[in-house]
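Below is one structure, written out as structure tokens; the observations come after it.
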Amino acid sequence: MLREARQGQVTAVSSALSAASVHCQVEPVGRWFEAFIKRRNINVSASFQELEDEKELSEESGDEELQLEEFPMLKTLDPKDWKNQDHYAVLGLGHIRYRATQKQIKAAHKAMVLKHHPDKRKAAGEQIGEGDNDYFTCITKAYEILSDPVKRRAFNSIDPIFDNSVPSKSEAKENFFEVFSPVFERNARWSNKKSVPKLGDMNSSFEEVDAFYSFWYNFDSWREFSYLDEEEKEKAECRDERRWIEKQNRAARALRKKEEMNRIRTLVDNAYSCDPRIKKFKEEEKAKKEAEKKAKQKQAELEAVRLAKEKEEEEVRQQALLAKKEKEIQKKAIKKERQKLRTTCKNWNYFSDNEAECVKMMEEVEKLCDRLELTSLQYLNEALTSTTREGGKAAVVKQIEEVNEQIRQEKEEAEARIRQASKSSERSTSSGGGGSKNWSEDDLQLLIKAVNLFPAGTNSRWEVIANYMNLHSTTGIKRTAKDVINKAKSLQKLDPHQKDDINKKAFDKFKKDHGAVPQLDNAAPSERFEGPVTDSSPWTTEEQKLLEQALKTYPVNTPERWEKIAAAVPGRSKKDCMKRYKELVEMVKAKKAAQEQVLNATKAKK
């Protein structure tokens, strides 16, 4: 075998030929290449054989170290009772036991043979037992058991120094983890599964604790007890005896296996019952369930409240629908009775042959239609149906007189309320420094008109309203912004009916002062009586004033408002009044915009 060349030199082979010598470069291959790599890694120059010798020397030195753990009671062992001996201790492997490798077992046996072989001891003058009575038989049996993987597994299953004890519940009350952690660690060697979860500590999560106990409650142990078989089937004389021995051994193994699993189950049960983490998790789970239960109860209560509310709303909605239907039915019935009354009166030419009287009766009939309730209309229509023209006229006239009397009484009551309101407003304005300035009905109407004409948001609103009143008032009394504000506040405190009475009284006064609008002889009847005929002629000043007063008299929430407004403006239909109202709205908007521009310009100059 060629050695490796020194540094700076090349390994070569020289062959003696007739010609000149030729140098050839060679490389190590096979086991020589392995030796070359090893030498290069440890920076030495040695042959493969030298490395093998060093390996054997290291193994022999290891054997010498194993002999230091020699079993002190080795010479006192009974060779006939070899089955109950500790084989690891016999070979000097008591400190590593089941973790010992086959190489260590072989080296330990070799060391023990070199020291305790009968020939060596006999040569040293020691007395030797005859046959199998010498303790060297124990060494032979120990190596025989531990060198065979199957027999060694059987011996490991009944390791004589293994602690099979299980801690009681009372032992782990104070120091649970210190007591049970080493117990689970030493029992983990029997698991078929390599990855065995740890017991953990108080900070372990629920998932970790659950995985630990799930593993141990389903523990799969490889521990078997064939080493403790009382009978050996190899000693059987026949096949039947061998089967009987196997049956007895299987029964004994199954019993011991059951006891082992009961021991593991007891260990896990004791640990589970004493584990403080389990108690903590149970308390947390209980608190969580209580919280969920309370949340469900609260949700159920809210749901019950919601359902009750929905049921109540549904009942209210149904009642509203029912009331609406009844109202619609009543409205249709009233409309039907009104139309029946108009038709009856029209068929009888309004009980007169004179056109002026017919128009007057027509207005009175419309007044009856607006004022009478359903029962009164039905009663009147029944009376008209079952009587003659003269009797019908008498019934209608009687009903008209009753309605007029009712209207007169309402007016008197309204006037009384207005007088009372005027007195109270005078008292309130006197406290505000405006007692010397009396407010007439015209001024009140002018104030209401100015407040509507200049709504909230107008720049210097109350000064503008005061200037407007001073320009248009007929009393000649100068009003300040403070006077206007105090009077407007007093009017806001009035009852809505009192405001309506003020508007009606002003309208009646307006009609009284200006008189009726003259009508042409060939004036066509209004739309409400004869059909959708519209008057496209321009509006006169008197018609404009009548329309404005009618708009104040009949506010937005008045039933059949536009029919009443059209009735208050002779010669104009409902469509004409609505069209004129839209034109007025546009004019007012334009006036507001102009007023705002004037105020802004005034402020800019200042």
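Quick notes
- For region 156-239, the Kirkwood estimate of the hydrodynamic radius, built from every pair of different alpha carbons, is 15.6 Å.
- Loop-located GluC sites (Glu not before Pro) in region 205-307 (DSSP state other than H, G, I, E, B) with a sparse environment of at most 12 neighbouring Cβ atoms within 10 Å: GLU230, GLU232, GLU237.
- Shown in residue order for region 438-454 are the 3J(HN,Hα) couplings computed by the Karplus curve 6.51 cos²θ - 1.76 cosθ + 1.60 at θ = phi - 60°: 6, 10, 7, 5, 5, 5, 4, 5, 5, 5, 4, 5, 5, 5, 6, 6, 10 Hz (x for Gly and Pro).
- Net +/- balance of residues flanking SER352 in space, Cβ distance below 15 Å, scoring K and R +1, D and E -1: -2
- Accessible area of region 74-157 belonging to carbon and sulfur atoms, whole % at 1.4 Å probe: 52
- About its Cα centre, the dipole of region 74-157 is roughly 480 debye, where the only charges are +1 on Lys and Arg Cβ and -1 on Asp and Glu Cβ.
- Estimated dipole of region 235-359 in Debye, rounded to 20 [Cβ of Lys and Arg +1, of Asp and Glu -1, Cα centre]: 980
- Accessible surface of LYS423, taken over heavy atoms with a 1.4 Å probe and every protein chain present, rounds to 110 Å².
- Heavy atoms of ASP576: accessible area, 1.4 Å probe, square angstrom to 10: 10
- Separation of the ALA456 and SER205 label points, Cα + 7 Å toward Cβ, nm: 6.1
- Extension gain, ASP159 to ALA236: 0.36 nm times the residue separation minus the Cα-Cα distance gives 25.0 nm.
- Cross-link pairs beyond the 22 Å C-alpha cut-off, checked among LYS335/LYS411; LYS173/LYS280; LYS336/LYS545: LYS335/LYS411; LYS336/LYS545
- Pairs with C-alpha atoms separated by more than 18 Å, drawn from the list LYS367/LYS575; LYS449/LYS489; LYS360/LYS398, are LYS367/LYS575.
- Counting 0.36 nm for each residue step from GLU292 to GLN127 and taking away their Cα separation leaves a gain of 51.0 nm.
- Once the Cβ-Cβ distance of ASN600 and GLU560 is raised to the sixth power relative to R0 = 51 Å, the FRET efficiency obtained is 0.75.
- The modelled label-to-label distance between VAL196 and SER352, using points 7 Å beyond Cα along the C-beta direction, is 12.3 nm.
- Karplus-derived 3J(HN,Hα), 6.51/-1.76/1.60, for each residue of region 467-476, Hz, glycine and proline x: 5, 4, 5, 5, 6, 9, 6, 9, 7, x
- Working note: Karplus 6.51/-1.76/1.60 with θ = phi - 60° gives region 193-206 the couplings 8, 6, 8, 9, x, 7, 5, x, 9, 5, 8, 5, 6, 4 Hz, where Gly and Pro are set to x.
- When MET361, MET469 are compared by accessible surface with a 1.4 Å probe, the order from highest to lowest is MET361, MET469.
- Region 156-171 residues near the modelled GLU285 label - backbone nitrogen below 20 Å, point 7 Å along Cα→Cβ: none
- Residue-level accessible surface for ARG121, protein heavy atoms, 1.4 Å, Å²: 10
- The residues of region 319-422 expose, per residue, 67 Å² of accessible area to a 1.4 Å probe.
- Accessible surface computed residue by residue for region 117-198, with neighbouring protein chains in place and a 1.4 Å probe, gives 59 Å² per residue.
- Accessible surface of region 319-422 [probe 1.4 Å, protein heavy atoms]: carbon and sulfur percent: 50
- Label separation (LYS360 vs GLN25): 14.9 nm, computed from points 7 Å beyond Cα along the C-beta direction.
- Pairwise Cα inverse-distance average, inverted: Kirkwood Rh of region 234-361 (Å): 26.0
The values are calculated or read from the model by the stated rules, or taken from the named source; none is laboratory data. Bear in mind that the values here come from a model prediction, so they are computed numbers and not experimental data. Glycine also receives a Cβ, built like all others from the backbone with ideal geometry; neighbour counts cover every protein chain displayed. Side chains included, ligands, DNA and RNA excluded: accessible areas come from the protein's heavy atoms. Shrake-Rupley method; radii C 1.70, N 1.55, O 1.52, S 1.80 Å.
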